[in-house]
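Derivation of every value follows stated rules applied to the coordinates shown; laboratory data play no part. All figures in this text were calculated on a predicted structure; none of them were measured in a lab. Counting neighbours? That spans all protein chains shown, and the Cβs are built from the backbone with ideal geometry, glycine included.
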Amino acid sequence: MASSEQKERGKGIPGWLEWVITIAVGVTLALLVRAFVAEVYIVPSGSMLDTIQEGDRLLGEKVTYKTSSPKWGDIVTFDDPEKPGTTLIKRVIAVAGDTVDLRNGFVYVNGKKLSESYTEGKPSYPLEQYSSTLGEAISYPYKVPAGHIWVMGDNRTNSLDSRYFGAVSVDSVSSRAVFIFWPFKDARGL
């Protein structure tokens with residue numbers, strides 16, 4: 001015999017409509033999480049080797065940068081300055097007001113040589129080519145303008161980064177990469 005609660009529910013919304021509402025609520029929640037909380041990214045290139053492998057899937061969280069700005073060492077996703085709608089991932093090397101210099105294959109920020117174990121000894125030289133979005137090649141030392149960050153790939157010999165397209169607007173940063181979750185052998189925090 002059916003309980004009074006089951007009888008009451010039976011009088012209301014048809015079962016198929018309950019499914020439609022459940023699916024709609026689920027999709028809406030997923031879209032809200034993706035827009036405001038976290039997003040999954042698939043890394044298409046080797047510009048962040050060996051920290052992040054080509055094909056790794058990672059989680060980028062979006063909450064932190066609602067109340068603060070990217071910091072030195074953060075790995076961030078951002079809109080490609082050359083190809084809007086394309087997402088890139090790089091490491092923050094300098095923030096607004098910092099001066100970046102590339103000397104003898106090393107990166108200096110505010111006159112101090114960075115200790116960058118994540119580059120695995122790959123040299124950091126200025127790039128001869130530059131983005132069509134710039135009027136001319138970057139000259140060093142370079143002062144990062146207000147509202148911008150300087151980003152570089154960990155694979156310095158194979159990365160088009162701020163050396164190529166200049167400083168990145170903080171407004172174009174979409175998330176902070178926090179965790180590689182796939183493939184499982186690469187799973188770890190960033």
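In angstrom, the C-alpha Rg and Dmax of the chain are 22.3, 83. Using 0.36 nm per residue and subtracting the Cα-Cα separation, the extra length available between residue 24 and residue 40 on full extension is 3.7 nm. The gain in end-to-end length when the residue 61 to residue 128 segment is fully stretched comes to 20.7 nm, 0.36 nm per residue minus the alpha carbon separation. Per-residue packing, averaged as other Cβ atoms within 10 Å, sorts the ranges 122-132, 55-65 into the order 55-65, 122-132, beginning with the highest. As a rough guide to protection, the peptides 179-190, 87-98 ranked by mean Cβ packing within 10 Å, highest first, stand as 87-98, 179-190. Converting phi to 3J(HN,Hα) with the Karplus coefficients 6.51, -1.76 and 1.60 and the offset θ = phi - 60°, region 17-25 yields 6, 4, 4, 4, 5, 4, 5, 4, 5 Hz in sequence order, with x at every glycine or proline. Here the peptides 109-116, 159-166 are ranked by packing, the mean other Cβ count within 10 Å, and the order with the highest first is 159-166, 109-116. Between the beta carbons of residue 104 and residue 71, assuming R0 = 22 Å, the FRET efficiency works out to 0.25 to the nearest 0.05.
Assuming R0 = 35 Å, can you tell me the calculated FRET efficiency for the pair residue 115 and residue 31, based on Cβ-Cβ distance, to the nearest 0.05?
Numbers: r = 41 Å, r/R0 = 1.18.
Working from the Cβ atoms, E equals 0.25.
Here's how it looks for residue 90: its modeled amide H is under 5 Å from those of 76, which are all 5 or more places away or on a different chain. Taking amide H as placed 1.01 Å from N in the peptide plane, residue 98 has its amide H under 5 Å from the amide H of 144, each at least 5 places away in sequence or on another chain. In a reduced charge model with +1 at each Lys and Arg Cβ and -1 at each Asp and Glu Cβ, region 37-189 shows a dipole moment near 380 debye about its Cα centre.
In this calculation the C-beta distance from residue 185 to residue 13 is compared with R0 = 41 Å, giving a FRET efficiency of 0.30.
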